[in-house]
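Undergrad: Below: one structure in structure tokens.
Every number here is computed from the coordinates shown, using simple stated rules; none is lab data. Bear in mind that the values here come from a model prediction, so they are computed numbers and not experimental data.
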Amino acid sequence: MAPFNTLPMPKSHKVKFKVIKNPNIYGCFDEHEMEIQISSNACGHFTTIFQTLLHEMVHLALYVRGDDDFHEHGPKFLRIKNVYSELYNFDPKAI
């Protein structure tokens with residue numbers, strides 16, 4: 001799935017997905033568990049779930065690439081986020 005097919009991503013069986021019930025966050029990437037978590041209390045529509053998944057996949061891609069600041073929303077994160085925001089016609093400020 002673009003743009004992640006051009007990034008160093010782990011094999012799909014290496015990444016876990018978990019639904020959590022935290023109203024304070026949309027999602028998070030846990031590098032210790034190699035797990036993307038999506039909150040059902042914050043994400044109720046497909047678009048929100050998809051945007052959150054893409055957001056956390058950027059963190060995952062930066063982690064796999066070995067970036068120390070994978071958890072931040074700095075220039076590296078924003079470059080990837082802007083590509084998929086444009087590709088999927090999402091408001092970059094909403095992601």
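Undergrad: Tell me the mean residue ellipticity at 222 nm calculated for the chain from its helices only (DSSP H runs of n ≥ 4, each -39500 (n - 2.57), averaged over every residue, nearest 500).
TA: Result for the chain, helices only: -11500 deg cm²/dmol.
Undergrad: Moving on. At 0.692 mPa s and 37 °C, plugging the Kirkwood radius over alpha-carbon pairs of the chain into Stokes-Einstein gives what diffusion coefficient in µm²/s?
TA: Once the numbers are plugged in, D ends up at 243 µm²/s.
Undergrad: State the extension gain, in nm to one decimal, for the chain segment bounded by ASP30 and PHE4, taking 0.36 nm per residue of separation less the distance between their alpha-carbons.
TA: Fully extending the segment from ASP30 to PHE4 adds 7.5 nm.
Undergrad: Further, regarding this structure: Need the list of lysines near LYS93 for cross-linking: C-alpha distance under 28 angstrom, and skip anything on the same chain fewer than eight residues off.
TA: LYS16, LYS18, LYS21, LYS76, LYS81
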